[in-house]
1. Does the stretch 57-72 hold any residues that are assigned to a helix (DSSP H, G or I) and either crowded, with 16+ Cβ neighbours inside 10 Å or on the phi > 0 side of the Ramachandran plot (or both), and which are they?
2. Taking into account only those residues within the stretch 36-56 that are surrounded by fewer than 16 Cβ atoms within 10 Å (Cβ to Cβ) and in contact with a helix residue (DSSP H, G or I) (Cβ under 9 Å, 6 or more places away or on another chain), which is modelled with the lowest pLDDT?
3. Does the stretch 97-108 include one or more residues that are at pLDDT below 95 and either touching a helix residue (DSSP H, G or I) at 6+ places or on another chain (Cβ under 8 Å) or farther than 27 Å from residue 26 by Cβ (or both)?
4. Within the stretch 108-125, which residues are part of a helix (DSSP H, G or I) and loosely packed, with under 15 Cβ neighbours inside 10 Å?
5. Filter the stretch 79-101 down to the residues that are touching a strand residue (DSSP E or B) at 6+ places or on another chain (Cβ under 6 Å) and either part of a helix (DSSP H, G or I) or surrounded by 13 or more Cβ atoms within 10 Å (Cβ to Cβ) (or both) and list them by number.
6. Among the residues that make up the stretch 115-128, is at least one of them over 13 Å from the mean Cα position of the chain (by Cα) and free of Cβ contacts under 8 Å to residues at least 12 places away in the same chain?
7. Output the residue which, of all residues in the stretch 33-72 that are more than 22 Å from residue 94 (Cβ to Cβ) and free of Cβ contacts under 8 Å to residues at least 40 places away in the same chain, is nearest to the chain's Cα centre (by Cα).
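The values are calculated or read from the model by the stated rules, or taken from the named source; none is laboratory data. These numbers were taken from a predicted model, which means no experiment stands behind them. Counting neighbours? That spans all protein chains shown, and the Cβs are built from the backbone with ideal geometry, glycine included.
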């Protein structure tokens, strides 16, 4: 099995806030991430596709096509946006990285099949900071 990854970057703002809780409980649980004036991150998104290479091209997936897909389906919808207010697929959801990575998977997983006969989505890794990231395998 060969694993091929593409890294993309976007900037976005959000706040962690559960509307069912009081302002005090949100501050207790989420700390400064519950700031009512939002806060931002420089996100790195790594998408990994696995499979055996196409015998005609040697590719599991064409990385140019993968990059275009990620940019059109995900980055353009997230970059310089407020995750809580501006992103259609995050409406009504807590804007945590854990939720975001699952929603990105739901977008990319069926689309990967349209650009690769030999690869399937294996993992998505989303860095919120250089030291904090979440990873999702579609499970």
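1. 66, 69, 70, listed by residue number.
2. Per the criteria, the residue is 36.
3. Going residue by residue through the stretch 97-108, those that are at pLDDT below 95 are none.
Looking through the stretch 97-108, none of the residues is at pLDDT below 95 and either touching a helix residue (DSSP H, G or I) at 6+ places or on another chain (Cβ under 8 Å) or farther than 27 Å from residue 26 by Cβ (or both).
4. Passing the criteria: 109, 110, 113, 114.
5. First pass over the stretch 79-101, keeping only residues touching a strand residue (DSSP E or B) at 6+ places or on another chain (Cβ under 6 Å): 79-84, 87, 95, 97-98, 101.
Matches in the stretch 79-101: 79, 81, 82, 83, 84, 87, 95, 97, 98, 101.
6. No - not one qualifying residue is present in the stretch 115-128.
7. First, pick out the residues of the stretch 33-72 that are more than 22 Å from residue 94 (Cβ to Cβ): 46-72.
Subset that is free of Cβ contacts under 8 Å to residues at least 40 places away in the same chain: 55-58, 64, 68, 72.
Values: 55: 30, 56: 31, 57: 28, 58: 27, 64: 18, 68: 15, 72: 13 Å.
This residue is 72.
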